[in-house]
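Here, each number is a calculation from the coordinates, and none is a lab measurement. Please read all numbers here as calculations on a predicted model, not as lab measurements. Positions of Cβ are backbone-derived with ideal geometry, glycine not excepted, and every protein chain shown enters the neighbour counts.
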Amino acid sequence: MVESGRTAGREPGAPFGIAEVTGVSMVPTLLHGDQLFVHYGARLRPGNVAVLRHPLQQDLLIVKRLIERRGGGWWVLGDNPDAEGDSRVFGVVPEPLVLGRVRARYRPVTPGRQRSAGVALSWLFSAVRPVRSASRAS
């Protein structure tokens, strides 16, 4: 399954927005249900995690790691080697389809669940994390 993003929090022309992860292709970096803080139009480098339009289905947003520039676009892979739906399937993603860099993720609280103060405090410290670039994309 491909990681898809739902642009819930981006105003037209705004440099930042929110997307939601669905699927498992970016595990362990991103999990199904994670919310992403996306910097649209950001400078991109190999190793960055990015939101892009699927090259074969452009109404679908996907989240992948940028590996390298090839022939006017990006070779992208998911962090989960067992998941499909990256450049191994659809090839290079043209530059205009790469929308922005993922800066951070947060894991929302499951509604309706009672939590102890300790569990709530633990969630608070672990829910929001920067999404770092891979030091060596391969």
Let's test the formula: R0 of 30 Å, r as the Cβ-Cβ distance of VAL109 and ALA14. What FRET efficiency results, to the nearest 0.05? 0.75
Run the simple label-point estimate for ARG45 and LEU31 please: 7 Å along Cα→C-beta, distance reported in nm. 2.9
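Cβ under 9 Å from ALA42's Cβ, ALA42 left aside: what net charge do those residues give with Lys, Arg +1 and Asp, Glu -1? The partial results should precede the final answer.
On the way: positive: ARG43, ARG101, ARG103; negative: none.
Net of charged neighbours comes to +3.
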Starting from the Cα gyration tensor of the range 4-130, take the square roots of the eigenvalues, sort them a ≥ b ≥ c, and report rounded, prolate or oblate (rounded when a/c is under 1.5, otherwise prolate if a/b is larger than b/c, else oblate). prolate
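Give me the dipole magnitude in Debye, nearest 20, for the range 32-130 about the Cα centre, with unit charges on the beta carbon: positive for Lys and Arg, negative for Asp and Glu.
It comes to approximately 400 debye.
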Residues whose placed amide H lies under 5 Å from that of ASN48, excluding near-sequence neighbours: LEU66, ALA134
With θ taken as phi - 60° and the coefficients 6.51, -1.76 and 1.60, list the Karplus ³J(HN,Hα) couplings across the range 89-100 in order, rounded to whole Hz; mark glycine and proline as x. 9, 10, x, 5, 8, x, 3, x, 8, 8, 8, x
